[in-house]
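Coordinate-derived values only; no laboratory data. All values reported here derive from a predicted model rather than from experimental measurement. Note: ideal-geometry Cβ built from the backbone for every residue, glycine included; neighbour counts use all protein chains shown.
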Amino acid sequence: MVDILAQFGRESIAGVVYSGAVPYADPSVIAAIAKTIPQTTLVDILNSTGNIDTNFAARRAFLDGCFNDPSTILSTEYSALLGATSFSDTVALGLLLSRQQDPAPLWKAGREGLPLWLVYGSNEKMVNGTALIQLVGDNFRNIKIQEIQGGSHTVFWEHEDIFVKGLKQFAKGVVSTGEKGTSREVKRRLVMN
């Protein structure tokens, strides 16, 4: 999000959806918002590059922390997610997590009215929703906050019907607020993190 705004400007984005997301990469932000599971597993992943078993176990623990009950996910879907998690490059992950991003363009856009839908689950194991609200709340004047009861980090997966309904309402609101362009162009500029 921060990179998109920095590169293309405010007019490139009609609205933002944060679904249990860290708003920008910065070690201090990750430390303030991330709960124990991601902090522990990410450290284990980054420190176990020479040990395949430890690295894989940490990646699996990270993935499991994204769901209320990972055993309820279809085995084919779980395997695909685990595969995608397992084949991400550890060095690139370390660089991604440790790089500094300047949130000033994001905060400026938020104070100017960029719409934000911040949605998270009440059973979130990865991100502290209260800390996330505190971080972005002061910087967005057009913010909708929704906690989905019983939702996990993958609230869009486990409570798809509620999530999709909220997303449609948010998109409709963005289109009706007078964002420049046709409805189709505005919907294309909605960014989900």
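Length gained on full extension, Thr85 to Glu160, computed as 0.36 nm times the residue gap minus the Cα-Cα distance: 24.8 nm.
In the structure displayed, which of Lys144/Lys168; Lys144/Lys165; Lys144/Lys172; Lys108/Lys165 lie more than 25 Å apart, Cα to Cα?
Distance filter (> 25 Å) returns Lys108/Lys165.
Considering only Gly110, Gly166, Gly20, give the residue with the highest GNM mean-square fluctuation for the chain, with springs between Cα atoms whenever their separation is below 10 Å. Comparing Gly110, Gly166, Gly20 in the GNM, the peak value goes to Gly166. Our summary gives the chain a relative contact order of 34 percent, counting only alpha carbon pairs under 8 angstrom and 6 or more residues apart.
With N counted as the residues of the stretch 100-139, its alpha-carbon radius of gyration over 2.2 N^0.38 Å works out to 1.30.
Take every pair of alpha-carbon atoms less than 8 Å apart whose residues are at least six positions apart; their mean separation over the length of the stretch 36-98 yields a relative contact order of 34 percent. Local charge for Asn51 was computed over the other residues whose Cβ lies under 13 Å away, with Lys and Arg +1 and Asp and Glu -1, and equals -1. Each of Thr130, Ala25, Gly173 was scored by the projection of its Cα onto the charge dipole of the chain, and the greatest displacement toward the positive side belongs to Gly173; charges sit on the C-beta of Lys, Arg, Asp and Glu. Over all directions, the projected convex hull of the C-alpha atoms in the chain averages 11.1 nm² in area. Result for the chain in a Gaussian network model with C-alpha springs under 10 Å: among Glu112, Glu77, Glu160, the largest mean-square fluctuation is at Glu77. Put a plus charge on the Cβ of each Lys and Arg, a minus charge on the Cβ of each Asp and Glu, and nothing anywhere else: the dipole of the chain about its Cα centre is then about 740 debye.
With N the number of residues in the stretch 36-98, Rg(Cα) / (2.2 N^0.38 Å) evaluates to 1.10.
What is the antiparallel percent of DSSP beta bridges lying wholly in the chain, to the nearest 5?
Values: 1 of 14 bridges.
So the antiparallel bridges in the chain amount to around 5 percent.
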